[in-house]
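> Before we start, here is the structure in question, set down as structure tokens.
Rule-based calculations on the coordinates, nothing more; no lab input. Keep in mind it's a predicted model, so treat the numbers as computed, not measured. Using ideal geometry, Cβ is built from the backbone for each residue, glycine included, and neighbour counts are taken over all protein chains shown.
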């Protein structure tokens, strides 16, 4: 989404961007998050296939590469801007 579209939306509108990746997508996600702008009206939601047998370090690894706060979503969380879930 380019800046023109983001800026033309209502000022209080939160824009949610969904990103999906396979289990081998860590490198691509890392490159993407490094390049994404920090924008108060953009919230990014990442869905990645992970093993149910191991705890995920995805949020920690991606958080090291992003200007945004990156955290694992929990039940009841509310999306907010300048965040990656």
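> Given a Förster radius of 22 Å and the C-beta distance between residue 47 and residue 82 as r, what FRET efficiency does 1/(1 + (r/R0)^6) yield to the nearest 0.05?
Numbers: r = 19 Å, r/R0 = 0.88.
According to the calculation, E is roughly 0.70.
> Before rounding to the nearest 500, sum -39500 (n - 2.57) across all DSSP H runs of length at least 4 in the chain and divide by the residue total; then give [θ] at 222 nm in deg cm²/dmol. Write out the running numbers ahead of the final one.
Details: 3 runs with 22 residues, N = 85.
For the chain, the value works out to -6500 deg cm²/dmol.
> Pairs of Cα atoms under 8 Å, at least six residues apart: use those to get the relative contact order of the chain, whole percent. Write out the running numbers ahead of the final one.
Values: 108 pairs, mean separation 28.4, N = 85.
So the answer I get is 33 percent.
> What order do you get for 49, 54 when you list them from fewest to most C-beta neighbours inside 10 Å? Display every interim value, and only then the final one.
On the way: 49 10, 54 7.
Lowest count first: 54, 49.
> Classify region 43-85 as rounded, prolate or oblate from the Cα gyration tensor: take a ≥ b ≥ c as the square roots of its eigenvalues, call it rounded if a/c is under 1.5, otherwise prolate when a/b beats b/c and oblate if not. Don't skip to the answer; put the middle values down first.
Values: a/c = 2.29, a/b = 1.33, b/c = 1.71.
The shape class here is oblate.
> Relative to the longest principal Cα axis of the chain, at what angle does helix 26-35 sit, 0 to 90 degrees, rounded to 10?
So the helix axis and the longest Cα principal axis differ by about 20 degrees.
> Let me make sure I get this right: for region 3-84, a, b and c are the square roots of the gyration tensor eigenvalues over alpha carbons, sorted descending. Under 1.5 in a/c it's rounded, otherwise prolate if a/b > b/c, else oblate. Which is it? Could you put the intermediate results ahead of the total?
Numbers: a/c = 2.21, a/b = 1.67, b/c = 1.32.
In terms of gyration-tensor shape, prolate.
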